[in-house]
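The values are calculated or read from the model by the stated rules, or taken from the named source; none is laboratory data. What you see is a predicted model, and the numbers here were worked out from it, not measured in a lab. Methodologically, a virtual Cβ is constructed for each residue, glycine included, from the backbone with ideal geometry; neighbour enumeration extends over all protein chains shown.
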Amino acid sequence: MTAVESAPGRDVPIPVAAMAAAATGFAVMLLELTAVRLFAPVFGDSQYVWTNVIGVILLALALGAFLGGRLADRGVGRKGLSGLLVVAAGLVGLVPLIGPPLGAWLAPADLPLDSAMAALVRGSLVASSLLFALPVLLVAAVSPVLVVNLARADGRVGRASALVSWTATLGSVVGTFVATHWLIPEVGSRWTVWIAAVCLAAAALLCRFGAAGSVVGVLPLGWSLLAPDHLEAAGPGEVVRDEVESPYQFLQVVEVADSDPRRTLLRINEGLDSFHSVALAGTPYTGGGYYDYHVVAPYLAGDGAAPPHLRVLSLGDAAGTFGRLYEHVHHPSSMDRVELDPAVSRLGDAFFPGKQPEGERFALDARVFVDRTQRTYDVVLLDTYKHQIYLPAHVASAQFFRGVRRVLREGGIVSVNAGGVRFDDPVVRVLGDTMARVFGESWAFRIPNSRNFMLVARRDKPLDPGCLARVAAPPSDAALQQVLARTSVPGSWHAFPQRPGAEVLDDDRPFLDALQERAYRGDEASPGLLAMHGARPPDEILGAAVGLLQAGRLEECRDVFAGARAATGPLRVLAGDCRWRLRDARGAAEEYREALRLGVPEAQRVRVEENLKWSSVEADGRGHARRVGRRNGWLAVGVVLLAAVGFVAASRSTVVAPGR
């Protein structure tokens, strides 16, 4: 006789208990990871919002476990378990329906901006509590009841507790990967929540009727991009000026000691070879960085002349970089700057000096500001990157750009910094199509020698990039002259017309993260020299390739070499330049090496040798990164397999013989 009397027909069989526990763990993790996605359009996705969601769910889990213990002591069986799960499933199913109006009520559009942050943070806490606390509490109460039901059947409390615990945890692990890597980007936030509700309902049916069910799960193997949370040491030749661990991210200011002019960089979180902001001593320009090119936006808004009394909204302050540029090029102007993390602004003031335009600075989420401001602007700059390479999905959706359109004056321009290599890059294309859906059309310009594009769209008027050819830069401003010369090259802009049926970004289906991850992971182009076995004279091909390269039409430039009758040194140099700008460093190095073998003019030799050196370094670095990635992927698979073997071995060695 066990301590708890068995009740045949009322207890939960072991397989049913295991599946029910796994389903509850899976569903809770789906809810936890999806909650912030649901809240982001209203409250933003700051660390405070994440903290509120996680804190509420953890507290609900703790209280639910306490409640479940009480219910278990009262002898709750299969019918009671089913009731808990049915109510929880119903409440979860209502979340996508109740959430939007609740958010609009908690964060009304007429909030004064200077006090909005506190309201938004507290509002997200209220919304988290109302929407998720009760269903998660009910789900958490299931585990203790399952443990007692299993223990009632065979008297082994330890085994029952272990079974429920490890299957629920395994369900949570699967839910973590499935939600982030598949459900949220592929089916959307609302459907992810409803899938969680269906899982809970299925668990209720299993507990009540013992119906046969199956759970199909895929254990992700080889997820090996385990980047560090932050950098604590500067790179070679760099001096750390300051480090800040803000509520949002890790920030590091470094000075490149051996550069001329001296460079100061702001890095966020992992850093690696990238940076968030840059300042060059003695100039507001960034040495040809993408920031410099966004100064043409006012000229596009004024058809070749910046609008009088220019008003600019900078979403993402870039530590004051855009402000310094606009004060230099477009003085007098005013600029409102929105930066989620106040620490970025403080570091900008301290280490990135320079005169700023008149205007206000707001410590707010960019989406929140756009949706609530009543101000209007001639230009909106969007550079709200997190972790230096990811554009948050809630500030790239069609709903967000409708808000941007609302705050733009007639003829106003929105200018977006986007990461990519080609005009048909998935990230560039989907952003271009999304902006075209809202504005009627959008245009993209490839920033020379970078992985950046400038995407622009105009409110209520056609946009003509050709107007930049009419802008006259001051003779003393060589940097602006270069920017205008490059942006006014015929064919250097690519149009994205509004296309019916084109896939666009939406608040409910934030698949931009997956596109960005794939774009930055990338694949190295196939090695080997470009074929040159056509019928046209090399000099003719050389002239065509130069024009395409200057226009930034790199894919066409790469393809045009096939028409050359024979390879020459200058053709190989140009092919190397084209392939390097397409981020094919290994192919570029091969082209430069062949150019030196064929022979190049003496005036070119030094440049070609330097290009060969640095493209080889870049190719070696990428190759090393791929090798490390593959190694870590196999290590991850090995660890999982070893853990599985160890688990099986441990399970067999701890089996208790009958009668003991």
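Exactly one residue among 147, 198, 174, 121 is at pLDDT below 80, of a type in the set (Val, Ile, Thr) and part of a helix (DSSP H, G or I), and that residue is 121. Any residue at all in the stretch 268-290 that is closer than 27 Å to residue 488 by Cβ, assigned to a helix (DSSP H, G or I) and out of contact with any Gly (no Cβ under 6 Å at 6 or more places or on another chain)? Scanning the stretch 268-290, I find at least one residue that is closer than 27 Å to residue 488 by Cβ, assigned to a helix (DSSP H, G or I) and out of contact with any Gly (no Cβ under 6 Å at 6 or more places or on another chain), so the answer is yes. Scanning the stretch 269-292 for residues that are modelled with pLDDT of 85 or more and of a type outside the set (Gly, Ala, Ser) yields 283, 284, 285, 286, 290, 291, 292.
Residues in the stretch 330-344 that are buried (at least 23 other Cβ atoms within 10 Å of the Cβ) and either under 20 Å from residue 310 (Cβ atoms) or out of contact with any Asp or Glu (no Cβ under 6 Å at 6 or more places or on another chain) (or both): 335, 337, 338, 344.
Residue-wise test of (1) farther than 16 Å from residue 193 by Cβ; (2) outside the structural domain of residue 159 (by TED's automatic domain parsing); (3) modelled with pLDDT of 85 or more.
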position: 2; (1), (2), (3): yes, yes, no
position: 28; (1), (2), (3): no, no, yes
position: 37; (1), (2), (3): no, no, no
position: 44; (1), (2), (3): yes, no, no
position: 65; (1), (2), (3): yes, no, yes
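Could you list, in sequence order, all residues of the stretch 71-85 that are assigned to a loop (DSSP other than H, G, I, E, B) and not hydrophobic (A, V, I, L, M, F, W, C)? Residues satisfying the conditions are 74, 75, 77. Restricting attention to the stretch 448-462, the residues that are assigned to a loop (DSSP other than H, G, I, E, B) and either touching a strand residue (DSSP E or B) at 6+ places or on another chain (Cβ under 6 Å) or free of Cβ contacts under 8 Å to residues at least 40 places away in the same chain (or both) total 5. Quick one: would you say residue 314 is over 24 Å from the mean Cα position of the chain (by Cα), at pLDDT 90 or above and of a type in the set (S, T, N, Q)? Here the answer is no, as residue 314 does not meet what is asked.
For the stretch 419-445, a residue qualifies if it is part of a strand (DSSP E or B) and either at pLDDT 90 or above or among the aromatic types (Phe, Trp, Tyr) (or both), and the qualifying residues are 441, 442, 443, 444, 445.
Candidates are the residues of the stretch 285-307 that are over 24 Å from residue 451 (Cβ atoms) and touching an Asp or Glu at 6+ places or on another chain (Cβ under 6 Å); the one that is surrounded by the most Cβ atoms within 10 Å (Cβ to Cβ) is 301.
The set of residues from the stretch 579-593 being in contact with a Lys or Arg (Cβ under 6 Å, 6 or more places away or on another chain) and under 14 Å from residue 559 (Cβ atoms) comprises just one member, 587.
State whether the residues of the stretch 133-143 include one that is at pLDDT below 85, touching a Ser or Thr at 6+ places or on another chain (Cβ under 6 Å) and assigned to a helix (DSSP H, G or I). No, there is no match, as no residue in the stretch 133-143 is at pLDDT below 85, touching a Ser or Thr at 6+ places or on another chain (Cβ under 6 Å) and assigned to a helix (DSSP H, G or I). Looking at the structure I just gave you, is residue 381 touching a Leu at 6+ places or on another chain (Cβ under 8 Å), buried (at least 19 other Cβ atoms within 10 Å of the Cβ) and modelled with pLDDT under 90? The answer is no for residue 381.
Every residue, every condition in (1) surrounded by 13 or more Cβ atoms within 10 Å (Cβ to Cβ); (2) at pLDDT below 85, yes or no:
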site: 450; (1), (2): yes, yes
site: 471; (1), (2): yes, no
site: 478; (1), (2): no, no
site: 494; (1), (2): yes, no
site: 513; (1), (2): yes, yes
site: 521; (1), (2): no, yes
site: 534; (1), (2): yes, no
site: 555; (1), (2): yes, yes
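One residue stands out among those in the stretch 578-603 that are more than 15 Å from residue 528 (Cα to Cα) and surrounded by 18 or more Cβ atoms within 10 Å (Cβ to Cβ): the one that is modelled with the lowest pLDDT, which is 581. Looking at the structure I just gave you, is residue 166 at pLDDT 80 or above and aromatic (Phe, Trp, Tyr)? Judged against the criteria, residue 166 is a match. Considering the stretch 234-265, the residues that are among the aliphatic types (A, V, I, L, M) and part of a loop (DSSP other than H, G, I, E, B) include one that is modelled with the lowest pLDDT, namely 234.
A single entry from 310, 325, 347 fulfils the requirement of being surrounded by 23 or more Cβ atoms within 10 Å (Cβ to Cβ) and in contact (Cβ under 8 Å) with a residue 60 or more places away in the chain: 347.
Within the stretch 612-630, not a single residue is under 30 Å from residue 158 (Cβ atoms) and either modelled with pLDDT under 60 or charged (D, E, K, R) (or both).
Counting only residues that are of a type in the set (D, E, K, R) and buried (at least 16 other Cβ atoms within 10 Å of the Cβ), the stretch 604-615 holds 0 of them.
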